[in-house]
1. Any residue that is closer than 13 Å to B:L106 by Cα, among the hydroxyl-bearing types (S, T, Y) and crowded, with 24+ Cβ neighbours inside 10 Å - is there at least one of those in the range B:52-66?
2. Does A:S226 satisfy being crowded, with 19+ Cβ neighbours inside 10 Å and not hydrophobic (A, V, I, L, M, F, W, C)?
3. Limited to the range A:299-339, what total is found for residues that are surrounded by 15 or more Cβ atoms within 10 Å (Cβ to Cβ) and in a loop (DSSP other than H, G, I, E, B)?
4. Which numbered condition in (1) in contact (Cβ under 8 Å) with a residue 12 or more places away in the chain; (2) crowded, with 20+ Cβ neighbours inside 10 Å is the only one that C:S225 fails?
5. From the residues in the range A:230-246 that are within 14 Å of chain C (Cβ to nearest Cβ) and of a type outside the set (A, V, I, L, M, F, W, C), which one is surrounded by the most Cβ atoms within 10 Å (Cβ to Cβ)?
6. Taking into account only those residues within the range B:48-75 that are among the charged types (D, E, K, R) and assigned to a helix (DSSP H, G or I), which is nearest to the other protein chains (Cβ to nearest Cβ)?
7. Anything in the range C:103-129 that is of a type in the set (A, V, I, L, M) and out of contact with any Ser or Thr (no Cβ under 9 Å at 6 or more places or on another chain)? List them, or say none.
8. State which residue is nearest to B:L106 (Cα to Cα) when the search covers only the range C:38-75 and only residues that are polar (S, T, N, Q) and part of a helix (DSSP H, G or I).
Amino acid sequence: MKKNILIIGGGPAGMEAAANLDRLGYNVILIEKDKQLGGHLAKWDRLFPDGVSAKKTLDALTAELSGVKCFTETNIQSINVLDKSYNAILSNGITVLADAVLMASGFDLFKAEKKEEYGYGIYDGVMTNADLEKAFREKTLPSKAPKAIGFVHCVGSRDEKAGNPACSKVCCATAVKQACEIKEVYPDADVYCFYMDLRMFGRHYEDLYLKAQKEYGIRFIRGRVSEVAETMDNRLLVKAEDTLSSKPLKVTLDMLVLMAGMRPSEAGRSVGRQLNLTTEDDGFFSSSDNMLAIQKSKLPGFFYAGACTGAKTLPDTLHEARSAALEIDRYVKDNFKEQ
Amino acid sequence: MIYEGKKKIWADYQKEIPEDHYFYVRSCIRQSFFPASEATFLDITRNKLGKDIFETEHHTTCGGIAYHSDTIPQETVMTIIARQFALMKKYGYENYVCSCITSFGLYCETLETWREYPELQQKIAENLWKSCKLEFAKPKFLVHASDLIFKYRMQIASKSKFKLVNKNTGEPLRVVEHIGCHYSKMFPSKGVGGAEYPYVLVGMVEAWGGQIIDYPERRHCCGFGFRQYLIKGNRGYSVSNTHKKFESMEPFKPDMIITNCPGCPYFLDRWQYVIAETQGKTYGENGHGIPVFTYEEVAGLVMGYDPWDLGLQTHQVSVEPLLDKIGIPYDPAKKYLGRNGKYLGEPQKPHCLK
Amino acid sequence: MGKLYDRLMQDYRLKEGLNACINCGTCTAICPAAEFYRYDPRRIVDIVQHQDDSQIEELLKSDTIWYCGECLSCVTRCPRNNKAGLIIMALRSLSIQTGFFMESEKGRQMYLLCKDLNSNILNYGYCVYPRTFKYDGHMEAGLVWEWVEKNMDDVYDRLGANLDKEGPGAVRKIPQKDLDELKRIYDVTGATEMLENVKRAGLEKARELGLTEEEYCQKLYSECSPKHFNH
């Protein structure tokens, strides 16, 4: 009889792990709280560093799921540990007896309105990285070209006051990507990136940075935005320090994009609380070993993949999903030999 | 501007303000430059609303201006503060209301430092006993006097004779609110509405019929800067910051400014006069300035107090155009009279500022 | 770690104010002093966190630390919970303790500030007191203040104050017993000693310049070198 594997979270991590476990011969149940699979990927337009289509990427992940039982708009109502398995009651009334569980709950975007001084939800021209992707995807950017546009890095990241001292890892590259893209839409606009450190660590990321400077003329200002206000003509007055010249700087913009960072998924954490899963100070789940066994939790048969253990890029997440599938396979083979 | 977004933030900052029974402490600047404001605060709270607001002649300055001009050590100012708190306890109170924003911020900072460093609190308690033979105490609730007027704003509105409305157009007056920096910038949770969009004055203005203007330099300091004003050679700092605020609010055509810090109305009022006299620039209509008020003065105006009882004759920017706009009656002949109608002469007229 | 840094770290404002600076500049971006003076609070915090005594000593002797207006707007914004304003207050205190404040124009203003503010406090119980706030030295207080000054008793009486009189009320006379308590607080907490040191250093400087105390005060009150300004 096929062993049951329950995967919590139908974003890229859950999808990729599901496909691999399905191929390894397991009965995979994938649950997703939203209407559709894909998590944040489903809401994105293009991906850094090369501008690959998010939709094409998601379609490729989806195409591998034919053998997987997917339940969307479904939450975990309750979950508890039995002798050697997990008993989960889903919000759709189905009970799953799982031999192993994979947590792939990913991240929530930081609520940008919490950085009150940036005026998200108050000043008209302020939006988030996710809002901009949506506008790219749905082609709803304003037809009247903005004269000046700014990108604010580290919104709710590297910020103790906002409750998240950690770097969200993907925002720098996303900001530079979006800055280039917006410049394509509005070639005459002045585009600024306000950053503290540009963390362009991945393959081709530095190329993206170079392109932003050389081809698109994006202006990089090393200083964190301190406050945003609205002018008489509905523009945005942005204050930062140009720390490289040690001078306070004021720029008037028409559009300001806040690079909201990654926070642990609230839905994932509420499942974690039912099983007393531990989290680190940053609120993300703690692995049994951050070097050797990042996919393992401290509970036997309970595994992690993707951003539920901290901010990750999409390729990192997919790698973890595959390795989690291997860990689960090994766990099942080691623990259920007699059957 | 999306007003709903501000309402969500305001909902996050609910400050607990007890209804009654306060130990009242004056402000060096407010009592010197706006003595009628403190008198009005006490008259409204005690006589119009029937609250118990106690004052003793034995309290003193908190030392805040001397401290923020770096002329006394932290331990000194903390011991003076401990003395004020001890007087509160001695007279049987546990709620403390102060007239000054510098004091309010310093009390918040001091209480927080004592909480974090109990050994320092112990030392201050010993200092207090050594110097004054008073027993150390801390207030249960600490509020600024503007918090209380905010708390009572609806009761004040229900007793009001005038609204912050232009009587000719029926439109709400366009009001700029200016919050003292030390009100909530250090401890956002200690202020009504937080630090970025404080609600304390907005709530009053809305309750009394006006409309708040959000302009780019709304959060900027008036420019007092303690030593940056007290020394003449440093005053360029002070006037340049006021100037920045007025240049920023000018396009929004405000009818008036309301403040909660004692120093700010002085600086916003007087530097307008200096800017007018030195540069010929005025920010109000027809060569007038934009009148600047304390919240007590505004409360007094809507409740129908005589403008000259409120001390509006001691402003340098003339208030009459605004009184006319609202329809508040006043007798120009009584503007510069002392008690019992004694004529005190008149201030000279500025050259440029009307 | 240097000796000056160690002394700074004994100040509660530094303990509270210095976490670790990420050099993001949110403090400088909105600092009222940074646009006006040649001043960058971020740099000051960074220098202090380097714990390099020679750089700290340079700061203590400089005009730079005296540019801040102590509005504490910087405190709201710092993502690392630093409080630049408090760090500067601690630097100023150390500059006074070490005598380095005498080496800068803005630092030397301490003499006059100490004298004026604390004579108000110890004589009247207030930081600001109407009778010592002179129109002559404060023309910006306006023609209306000139009028108030001329009619001081009548105006304060008209406005419901209790100027120099007994009992509670605005600008009342504070009982001598309470002023004595303030003086004892000054003695017990080190203010008296600090004021004496500042006074001694100032008078010495006046002598050195061949000025009477009054002439020296006038100089401190009015002088302002253009080198301080940003523009």
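1. At the first step, the residues of the range B:52-66 found to be closer than 13 Å to B:L106 by Cα are B:61-66.
Checking the rest, the ones that are also among the hydroxyl-bearing types (S, T, Y) come to B:61.
Then keep just the ones that are crowded, with 24+ Cβ neighbours inside 10 Å; that gives B:61.
Among the residues of the range B:52-66, at least one is closer than 13 Å to B:L106 by Cα, among the hydroxyl-bearing types (S, T, Y) and crowded, with 24+ Cβ neighbours inside 10 Å, which makes the answer yes.
2. On the way: crowded, with 19+ Cβ neighbours inside 10 Å: yes; not hydrophobic (A, V, I, L, M, F, W, C): yes.
Here the answer is yes, as A:S226 does meet what is asked.
3. 7
4. (2)
5. Just the residues of the range A:230-246 that are within 14 Å of chain C (Cβ to nearest Cβ), to begin with: A:237-246.
Remaining after also requiring of a type outside the set (A, V, I, L, M, F, W, C): A:239, A:241-243, A:245-246.
Details: A:K239: 27, A:E241: 30, A:D242: 17, A:T243: 22, A:S245: 11, A:S246: 15.
Going through the qualifying residues, I end up with A:E241.
6. Just the residues of the range B:48-75 that are among the charged types (D, E, K, R), to begin with: B:48, B:51-52, B:55, B:57, B:70, B:75.
The next check asks that each one be assigned to a helix (DSSP H, G or I); those that pass are B:48, B:75.
Details: B:K48: 15, B:E75: 4 Å.
Looking at residues that are among the charged types (D, E, K, R) and assigned to a helix (DSSP H, G or I), I get B:E75.
7. Just the residues of the range C:103-129 that are of a type in the set (A, V, I, L, M), to begin with: C:110, C:112-113, C:117, C:121-122, C:128.
Listed by number, the residues that qualify are C:L112, C:L122.
8. Filtering the range C:38-75 down to residues polar (S, T, N, Q) leaves C:49, C:51, C:54-55, C:62, C:64, C:73.
Retained after the next criterion (residues that are part of a helix (DSSP H, G or I)): C:49, C:54-55, C:64, C:73.
Numbers: C:Q49: 25, C:S54: 32, C:Q55: 30, C:T64: 24, C:S73: 14 Å.
For the range C:38-75, the residue satisfying everything is C:S73.
The values are calculated or read from the model by the stated rules, or taken from the named source; none is laboratory data. Since the model is a prediction, treat every value here as computed from it, not as a measurement. Cβ coordinates were reconstructed from backbone atoms using ideal geometry, including for glycine residues, and neighbour counts include every protein chain displayed.
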